[in-house]
Each structure stands twice: as structure tokens, then as C-alpha cells.
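Below you'll find the structure, written out as C-alpha cells, and then a few comments.
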Amino acid sequence: MTAPLKVLCVVGARPNFVKIAPILLALRAHREMAAILCHTGQHYDPELNDRFFVDLGIPRPDVSLDVGSGSHAVQTAEVMKRIEPVIDTQRPDIVLVVGDVNSTLAAALVAAKRGVAVTHVEAGLRSNDRTMPEEINRILTDQISDLLFTTEASALENLEREGIPRERVRLVGNVMIDALHHNLRRAVASSEILMRQGGNPAQGFAVLTLHRPSNVDDPQTLRQILETVREIGQELPVIFPIHPRTRSRIESGGLAPLLAAPAIRAMPPVGYLEMMGLVRDAKLVLTDSGGLQEETTALGIPCLTLRDNTERPITVSDGTNTIVGSSPAAITAAYAEFRRTGGKRGRVPALWDGNAATRIAAELAQWAGGLAAR
Ligand code: UD1
């Protein structure tokens, strides 16, 4: 019997944790693969980090790099510096990275330069907006990946346009939706969360999340968004779990008075099972998150994306997502449309069926077989 394929799985930030949970499960179901989990520590607050490991049943990382926060250069460089000796000691056959955060690119870059194969889960997504740090991470990670797993057909076209050979790419579906399938029945009832916050569960509600630099770093932009959401909240109360980055911008911008209940119910970030409970029961989601655009489409909940673009166009063409932008006029108009129509309906994209990670593991096993035969 040949040695199992050693897969070093790297995660750093909250959305990575959701994606890695089903992948680890699927890898561990294969005898011919051995998964090692490395956490860079890009996210470290218990609310963004430990909570997700518990909610998603992710095993304790085998390796922790504890890089913490910093500028993009510092954060990326720290991950690179600290992961190189891990790769040298562990000697994985393949490094598996997910999503588009700084840790994704940093790990892929070191692996590629150490001559270790790289596989990227959620490859090929493009917003075509290079002011987004994630867009740079996506383009570069894909260029140096050996095996690329995609969630939707647009990604195949993007990769082809960028000269990535088709034989490296597999359309497998969406591991974020795998996580949703695995955990939805364990989601926390929204009524419980609302009551804890002094809200009325009998009344409908919307959910708001904001963390993109383009929405939260400029105090004027953030003020306008919050003022507009407050207007919506007079009619449909808005639950707002606040990312630490956004919280600090609200505080430094003196915007906390805009967050008054009952129109807006502000709260610390919630765990995965609470967030999925909120989204499942919401009438509407307003967000700049990538993952929530997908989860709302899978759950059939109307989503207003407060950005000018999306790297996940299938959520618009097939799903419940509308790209709105961040101006008060656009948000108000989109909300008026939601009221008039009851919200956009959609269908769940092909292969968003809860089995993407199983397909990834099968592809990796086959790929390993090819390596062993060489
Ligand atoms: C990162 C990802 C983004 C992802 C998001 C999910 C990049 C470029 N961005 O953005 O794609 O959608 O995670 O949350 O990788 N902070 C804390 N506690 C933490 C982590 C961060 O307070 O545990 C604060 C720090 O002030 C930090 C700031 O949040 O400087 C930003 O954190 P960072 O990891 O740089 O980016 P995110 O905005 O979280």
C-alpha cells in the first residue's frame, strides 16, 4: 500500500472555516488521504474564530501560526514567513487553500515556491474590481494553483480567459452550501436571538452585515448606509451583527447613535448556527458579504448586495440576489422594489446540493492515483 496523500489544509478567516468543515469531513472519509489543518490566526477573536470551530465541529488545528491583524503586507508576509517551515517539516503532497483572504494567497505562494502542489477551492470567481483586496488574492492564487475547484460556470470562463489550462479545473459545486446542508437543522431559532435582544419574534425582520473596506472605512459612506437602513428599520426591524472592523469604524466615526433599537438591533458578531437561523427566518438580507449572497440563494431569501459588483454572478442570474450598490437612493429604491414584489425569487444553482466536498475529495484521490502511477 502506498502512503496516503498528505493534504495540508490552510484557513485564516471566518469564511474559510465554513468552507473547510465539509472538506475535512470528506477528506477524512478517504483512507488514501491524510488531512492536516493549519490555522494562520488571521481571525482570532472568539466570536470570529473559536465559535465557528465549535459550531461547525472543526477539529482543533494541528498547526497554529497566530499571525493576527496588520496591514495587508504585514499580514501576508507573516503568514508566508510562518508557514514556510511548516511546509518544510510536514512535507505535504498538496496544499489546499479556500476562498480569497490574505491567508489564502500567502499559503499558496509559499507552497508553489517550495515546489508543493496547490489546490484552490472556490477558484475563478471574479468581481473584475481590483480595488477589492480579495480580487488580487483570487487572481494570483489561481495563477499558481495546480488543481482548481469552482462553484459556478462563470468561473470556468474567467479562468479560461486568464490562460489557465482547462484540464486543471473542475466544476464541483459549493462547499459553503455543503456546510449549510450539514448544519441547518441545528441552526438556532431566530426567535431566541430576537428575544435575547429585546425584539419581538412575531414581527418580521431583516438582517444586515457590513465589513467591506469600501463600505465601512469611509465614515461618510458608512453614515449614509446606516441612515438609510435605519429608515428601512422603521418598517422592518433590522438585526445587525457587527464585525469588529465595522464596530471600530462606527465608534471612531461617532456613528453609534444611529444604531438605536427598535429600528436597528445591533449586536456582536454571531456564530454560524445563529447566523444561519437568522438568515433562514429573515424576510430580507442586506449585505456586502460574499458567503451570504450564496447562502441566501440556497435558502431562497431575497438578498440586497450593498456593492457595485459581485464575483458570484450566478446568485443574481439564478438566485435571489440583487446588486444594489451603497448609495442611499439605490438602497431605498431596492427596498421599495422588495416591498412591491415581495422580494426576488430564484432557484438553487446546479451542484449546490451538499455534495461538493465529496466531489473534491474524489477528485483529489484520483489526482493522487495519477501521482502514484508516475
Ligand atoms: C477578512 C477578509 C475578507 C473576509 C472577512 C470575513 C482579507 C483581505 N479579507 O476581512 O475577505 O470577507 O475576513 O470576516 O483577507 N479584527 C478583530 N478581530 C479578529 C480579526 C480582525 O478585531 O479576530 C479586526 C482588526 O482590527 C483588523 C480588522 O478587523 O485589523 C480587519 O481584519 P482582517 O483580517 O485584516 O480583515 P477582515 O476585514 O476581517
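Express in whole angstrom the spacing between the alpha-carbon centres of segment 229-307 and segment 1-76.
What the calculation gives is 26 Å, centre to centre.
Got the relative contact order for the chain handy, in percent, Cα pairs under 8 Å and 6 or more residues apart?
16
As an exercise, identify the trypsin sites (Lys or Arg not before Pro) in segment 45-118 lying in DSSP coil whose Cβ has no more than 16 other Cβ atoms within 10 Å.
Answer by residue number: R114.
Under DSSP H, which helices of the chain have Cα atoms covering 24 Å or more of the helix axis and a Kyte-Doolittle average no less than 0.5?
Those that clear 24 Å and a mean of 0.5 are 356-373.
How much length is gained on full extension from R166 to Q197, taking 0.36 nm per residue of separation minus their Cα-Cα distance?
6.2 nm
Quick check on the chain: helices-only [θ] at 222 nm, where DSSP H runs of length 4 and up contribute -39,500 (n - 2.57) each and the sum goes over total residues. Nearest 500, please.
Counting only the DSSP helices, I get -14000 deg cm²/dmol.
Have a look at L5, P46, G124 and report the one farthest towards the positive end of the charge dipole of segment 1-134, computed about the Cα centre with Cβ charges (Lys/Arg +1, Asp/Glu -1).
L5
Which whole-number value in Å² is the accessible area per residue of the chain, probe 1.4 Å?
Ligands and nucleic acids excluded, the result is 41 Å² per residue.
Shape verdict for segment 267-346, please, from the Cα gyration tensor: rounded (a/c under 1.5), prolate (a/b greater than b/c) or oblate.
It comes out rounded by the Cα gyration axes.
7 Å from Cα along Cα→Cβ at both D218 and K113: what's the point-to-point distance in nm?
Here the modelled spin labels are 3.5 nm apart.
Can you list the chymotrypsin sites (Phe, Trp or Tyr not before Pro) in segment 22-71 that are in a DSSP coil and have 10 or fewer other beta carbons within 10 angstrom?
none
Among all the lysines, which ones have a C-alpha under 17 Å from K344's C-alpha, if same-chain residues fewer than 8 places away are not counted?
Output for K344: K283.
Could you check which residue among R185, R265, R339 shows the biggest mean-square fluctuation in a GNM of the chain with a 10 Å Cα cutoff?
In the Gaussian network model the winner is R339.
The values are calculated or read from the model by the stated rules, or taken from the named source; none is laboratory data. Quick caveat: nothing in here was measured; it's all calculated off a predicted structure. Positions of Cβ are generated from backbone atoms using ideal geometry, with glycine treated the same way; all protein chains shown enter the neighbour counts. Note: accessible area is taken over every heavy atom of the protein model, side chains too, but ligands, DNA and RNA are not part of it. Shrake-Rupley method; radii C 1.70, N 1.55, O 1.52, S 1.80 Å.
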